[in-house]
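First up is the structure itself, then whatever we jot down about it.
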Amino acid sequence: SMLVAVNPVAIILGKLFAITLTGVIQIISWLGSLGLSFVIGNYGVKAINPDSTMEIIEMFKMLRELTEGMFSPMNCILAAVLIILGMLLYCSLAGIGGAMASKAEDLSSANMMFTLVLVVSFLATIYGGGMDGTANPIMDWIPFTAVMVTPANALLGNIPVWQMLATIGIILVTTVVITVIAGRVYKDLVFYRGDALKPNAIINILKKKK
């Protein structure tokens with residue numbers, strides 16, 4: 001009944017937006033609580049002892065001096081957009097595995113592609129210099145590594161705005177394509193009951209449905 005009334009892609013998007021929004025709210029809650037705690041603690045200590053030289057207060061003072069004028073509002077906004085789109089991208093990839101699994105216990109095996117892409121992208125970021133600020137520029141153009149590298153480059157102003165916007169466009173297009181594929185898989189396998197199919201079997205089914 002749902003497939004008759006609602007487009008499969010819309011069903012997948014509804015799930016992706018809900019999961020991504022939940023993740024964004026969690027991250028904002030954690031970071032907001034952490035930042036607010038430090039601010040309140042800093043002002044509380046200064047109110048009691050203005051000449052306090054606590055290590056954590058001195059560390060934040062030094063950090064504020066080092067980063068003064070570094071983070072522009074535009075770069076911060078674009079970095080936040082990239083992080084949110086990155087979550088949506090990987091959730092859409094996990095959506096294919098979810099569409100392939102007919103039972104909850106099959107999710108781990110069905111999401112092997114998601115795990116593989118995530119691990120390979122993470123290792124490529126580490127060994128490609130992404131952790132020390134010398135990442136290969138091509139990583140900013142590959143959507144699965146861009147979501148790990150480009151937000152930091154955006155905050156630091158290492159890449160121009162037009163490149164950030166182009167990367168955002170690439171991630172958006174990739175997410176839409178993956179979501180459409182997930183919708184087709186969901187529709188074609190909605191009545192399937194059995195062991196999780198292998199990727200090549202899924203590809204063959206999609207080819208036959210054209």
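A short reminder: the numbers here are calculations on the coordinates, not readings from a lab. Quick caveat: nothing in here was measured; it's all calculated off a predicted structure. Virtual Cβ from ideal backbone geometry, glycine too; neighbours counted across all protein chains shown.
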Whole-Hz Karplus couplings 3J(HN,Hα) for the range 136-146, θ = phi - 60° and coefficients 6.51, -1.76, 1.60, Gly and Pro as x, run 4, x, 5, 5, 6, 9, 8, x, 6, 9, 4
Sorted by average packing, counted as other Cβ atoms within 10 angstrom per residue and highest first, what order do 22-34, 115-127 take? 115-127, 22-34
What order, most packed first, do the peptides 162-174, 35-47 have when packing is the mean number of other Cβ atoms within 10 Å of each residue? 162-174, 35-47
Distance between the C-alpha centers of the range 7-23 and the range 132-178? Whole Å please. 23 Å
